[in-house]
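Heads up: the structure comes next, in structure tokens.
The values are calculated or read from the model by the stated rules, or taken from the named source; none is laboratory data. Values in this document were obtained by computation on a predicted structure and should not be read as measured data. A quick note on method: Cβ atoms are made from the backbone with ideal geometry, for glycine too, and the neighbour counts reach across all protein chains shown. Ligands, DNA and RNA are stripped out before the accessible areas are found, and what is left, the full protein with its side chains, is counted by its heavy atoms. Shrake-Rupley method; radii C 1.70, N 1.55, O 1.52, S 1.80 Å.
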Amino acid sequence: MNVLKRCIYGISILSLASMNVQCKSDKKSEETSKEATTAEVVTIAKSAYGTTEKGEKVDSYKLTNQKGMEVNIITYGGIISSLKVPNKAGKSEEVVIGFNSLDQYMKANPYFGALIGRYGNRIAKGKFTLDGKEYSLAINNEPNALHGGPEGFHRVVWTAEEAKGGDSASLKLKYVSKDMEEGYPGNLTVFVTYTLHNDNSLDVLYEATTDKKTVVNLTQHSYFNLSSDFSKPILDHEITIDADKLVPVAATLIPTGKLTDVTNTPFDFRKPKAIGAAIEAKDEQLKNGLGYDHCWVLNNQGKGERFAASAYEATSGRLLEVYTDQPGIQFYSGNFLDGTLPMRNGGTYARRTGFCLETQHYPDSPNQKDFPTTVLNPDENYKTKTTFKFSVK
């Protein structure tokens with residue numbers, strides 16, 4: 001009997017030990033599996049993209065998630081050269097205007113996919129004054145300065161640092177704009193971080209510091225066509241903009257200085273409305289912009305990042321939502337696209353085959369005392385964030 005008890009006891013001990021080892025093994029296997037899954041949620045891959053005329057090497061970074069979204073960013077101009085998202089059938093397709101080669105990006109083009117700085121939008125007559133000193137900028141949009149000048153941030157090579165982990169991957173770009181570059185004072189150190197999440201959202205975080213008082217207004221200049229058919233105009237896209245007021249402009253597209261109510265005008269997008277619904281209406285502002293090329297005064301200013309605008313294309317079912325902490329958004333309906341620039345797969349980009357939603361401060365703010373300031377002092381940190389979120393409905 002004692003022998004039998006000892007045998008049973010021994011077997012029990014061995015079973016418990018075996019179970020303990022198995023549990024530990026299962027747990028370790030589960031943790032390893034979780035780590036592998038986490039590491040693979042959003043990936044980032046680097047490849048060579050080309051060399052500039054100055055001999056600078058340009059790289060491309062592809063950020064890909066598990067939900068079918070893919071973003072390609074090149075270090076030249078911080079350009080989003082490709083952005084693919086699923087339609088309602090689950091097929092991922094291109095939704096931004098772009099080119100096939102670095103050579104084409106280096107030629108004159110309307111800022112396709114580029115980072116814009118030091119100052120997005122227009123500055124009247126290319127002049128502004130800080131502390132009694134007048135600064136003169138290059139006139140590249142007669143009679144005004146536009147988007148940081150002819151050699152702005154869209155035409156420089158940024159350094160890049162990648163990071164990944166969890167359900168996101170980031171590409172942090174850096175550029176140091178030297179004192180008086182393109183006429184702007186101060187050595188400005190700029191960081192722009194693109195972060196792709198697994199929920200099909202793309203964050204754009206802008207940061208900057210200066211060693212001398214200057215003006216800064218950074219933005220992202222992608223042209224969207226949610227149908228993915230770039231031979232088709234974007235007039236059937238439904239736009240929503242959470243703004244009660246507009247920044248009206250004169251014939252030169254410089255703000256008049258007043259803010260006007262959008263009620264009962266072609267500029268009321270507080271409820272979803274097709275771009276083409278009123279774009280040809282008899283309206284002085286539409287005449288000045290040859291369509292929509294205006295900055296809207298976003299609601300709920302000072303409340304951090306919040307909903308600013310959306311675009312919906314019914315055939316594909318794609319919905320783009322834009323969230324920002326900025327005071328304004330420039331909605332541009334691609335009025336100056338003229339059929340001279342090549343599409344990726346043949347053909348050319350015709351008028352209004354892409355639209356922009358550029359989060360920013362108002363145009364010409366350095367010369368408009370009643371607009372929110374764009375001045376950056378040496379003891380301050382410029383920091384702003386915009387999110388582009390894609391889904392289907």
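Values computed for the structure shown
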| item | result |
| --- | --- |
| Between 0 and 90°, nearest 10: helix 2-39 axis offset from the chain longest Cα axis | 10 degrees |
| In nm, spacing of pseudo-spin labels at Glu56 and Lys287 (7 Å Cα→C-beta vector) | 4.3 nm |
| Local net charge near Lys67, Cβ-Cβ under 12 Å (Lys/Arg +1, Asp/Glu -1) | -1 |
| Neighbourhood charge, 14 Å Cβ-Cβ cut-off, centred on Ser170 and excluding it, Lys, Arg +1 and Asp, Glu -1 | +1 |
| Segment 231-380, relative contact order in percent, only Cα pairs under 8 angstrom and at least six apart counted | 24 percent |
| Pairs beyond 18 Å (Cα-Cα), from Lys258/Lys385; Lys62/Lys172; Lys172/Lys383; Lys46/Lys172 | Lys258/Lys385 |
| Cα pair distances in segment 272-338, grouped into 10 Å bins until the bin that holds the longest one, percent each | 18, 41, 35, 6 |
| Dipole moment magnitude, nearest 20 debye, the chain about Cα centre, only Lys, Arg, Asp, Glu C-beta charged | 940 debye |
| Radius, Kirkwood style, for segment 31-121 when every pair of distinct Cα atoms is counted (Å) | 14.9 Å |
| Under 10 Å, Cβ to Cβ, from Asp244 - net charge with Lys/Arg +1 and Asp/Glu -1 | -1 |
| Residue-span extension gain [Glu380 to Thr129] - 0.36 nm each, minus C-alpha spacing | 88.4 nm |
| Integer Hz, Karplus 6.51/-1.76/1.60 couplings in order for segment 147-161, x for Gly and Pro | 6, x, x, x, 10, x, 4, 6, 10, 10, 9, 8, 7, 9, 9 |
| Label point 7 Å beyond Cα of Lys232 along Cβ direction - residues of segment 198-223 with amide nitrogen under 18 Å | 223 |
| Kirkwood-type radius of segment 285-393, with distances r between different C-alpha atoms, in Å | 16.2 Å |
| With 10 Å bins from 0: P(r) over the chain, alpha-carbon pairs, percent | 5, 21, 31, 23, 8, 3, 3, 3, 2, 1, 0 |
| Long-range amide H partners of Asp268 with built H, under 5 Å | none |
| Percent carbon-and-sulfur accessible area, the chain, ignoring ligands, DNA and RNA, probe 1.4 Å | 52 percent |
